[in-house]
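Worksheet for the structure shown next.
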Amino acid sequence: MISQRIAAVLLALWAGSLVTVCAVVAPTLFALLERGSAGQVAARLFFIETVIGVVVAIAVLIAQKAGGVVLPRPALIAIVIAALAPLSSELILGPMMQAARSAGDMARFGALHGVSAVLFVIACVSAVLAVWFFNRPAA
């Protein structure tokens, strides 16, 4: 079973990797690589981050249900948002973006990409807040 300490480490690693990919790696890819190649690599990294987030969130939520982890309500809410925002982007916006790109509708692709970016920013902020609230001393 996952202990409180292991959950804290998992949440911190998840938040750190998500923020690193969103704020450092993706912009660097677009600064250094051709746009198409950068987009392909970034999309793959965002998919990996989505999977990591869902796995960590499920593990921590299961541990909470089993009694091994105490989740303050704000941390619980932040974890759910941080996991669902990228998952929504991947499952809903991803296919729509692919269809727009295939149709050559770059205006629509750009708009959807903007929504996806907002969801990942929300996920980053929520993941950091999850760590903050999870590790906050009891009042």
Taking region 105-139 and keeping only residues that are over 13 Å from Leu11 (Cβ atoms) and of a type in the set (S, T, N, Q), one is left with Ser116
Taking into account only those residues within region 50-73 that are surrounded by 20 or more Cβ atoms within 10 Å (Cβ to Cβ) and outside any helix (DSSP H, G or I), which is nearest to the chain's Cα centre (by Cα)?
-> Leu71
Search result, residues across region 30-45 that are within 19 Å of Met106 (Cβ to Cβ) and part of a helix (DSSP H, G or I) = Phe30, Arg35, Gly36, Ser37, Ala38, Gly39, Gln40, Ala42, Ala43
Checked region 83-124 for anything free of Cβ contacts under 8 Å to residues at least 12 places away in the same chain, surrounded by fewer than 17 Cβ atoms within 10 Å (Cβ to Cβ) and within 21 Å of Val19 (Cβ to Cβ); matches are Gly114, Ala117, Val118
With criteria (1) over 14 Å from Ala127 (Cα atoms); (2) surrounded by fewer than 19 Cβ atoms within 10 Å (Cβ to Cβ); (3) aliphatic (A, V, I, L, M), Leu76 comes up short on (1)
Apart from one, (1) in a helix (DSSP H, G or I); (2) exposed (fewer than 14 other Cβ atoms within 10 Å of the Cβ) all hold for Arg136; the odd one out is (1)
Considering region 1-39, residues that are among the polar types (S, T, N, Q) and at pLDDT below 95, and then whichever is nearest to Val70 (Cα to Cα), we arrive at Gln4
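The values are calculated or read from the model by the stated rules, or taken from the named source; none is laboratory data. Nothing here was measured: the structure is a model prediction, and the numbers come from that model. Cβ sites come from the backbone with ideal geometry, for glycine too, and all protein chains shown count toward neighbours.
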